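One structure is given below, encoded as structure tokens.
The values are calculated or read from the model by the stated rules, or taken from the named source; none is laboratory data. No experiment lies behind these values; they were computed from the predicted model shown. All Cβ positions, glycine included, derive from the backbone under ideal geometry; neighbour counts span all protein chains shown. These accessible areas exclude ligands, DNA and RNA; they are computed on the full protein's heavy atoms, side chains included. Shrake-Rupley method; radii C 1.70, N 1.55, O 1.52, S 1.80 Å.
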Amino acid sequence: MRGSLATVRVEQGGARTEHRVTVTQADLDRYAASDVADLVRRSFEFLLAREPNTSILREFRISEIERYFPEFRETISAEGE
């Protein structure tokens, strides 16, 4: 699998975390995103509204979020329009 790798650093409530997120062209198409940075930013806003940064996986493919939050695709795709 080839794709872009984004590193995201989050500080929340005194806890600092770092996350590595892989995004493929298929992911950009699936979530109606114009670019990797925008999709990753919106995805972290989505995740942080639902759980603390310390609960977010340290390394994952962006599409894995749907496994934990089935509403992710619909929510993120609607935001990208």
Checklist line | Options ASP27, ASP38; residue that is of a type in the set (Asp, Glu), surrounded by 11 or more Cβ atoms within 10 Å (Cβ to Cβ) and within 10 Å of the chain's Cα centre (by Cα) | finding: ASP38
Margin query: Checking SER43 against (1) within 10 Å of the chain's Cα centre (by Cα); (2) of a type in the set (Ser, Thr, Tyr); (3) open to solvent by 20 Å² or more (accessible area, probe 1.4 Å): exactly one of these is not met. Which one?
Written below: (3)
Check: Quick one: GLN12 ticks every box in (1) open to solvent by less than 80 Å² (accessible area, probe 1.4 Å); (2) at pLDDT below 95; (3) out of contact with any Pro (no Cβ under 9 Å at 6 or more places or on another chain) bar one, so which box is it?
Finding: (3)
Next item on the list: Give just the number: which of (1) assigned to a helix (DSSP H, G or I); (2) touching a Lys or Arg at 6+ places or on another chain (Cβ under 8 Å); (3) among the aliphatic types (A, V, I, L, M) does VAL21 not satisfy?
Entry: (1)
Notebook entry, point to check: Cβ-Cβ below 9 Å, separation at least six or inter-chain, first residue in the stretch 38-65 and under 12 Å from HIS19 (Cα atoms) and assigned to a helix (DSSP H, G or I), second charged (D, E, K, R) and open to solvent by less than 10 Å² (accessible area, probe 1.4 Å): which pairs?
Noted result: ILE62/ASP27
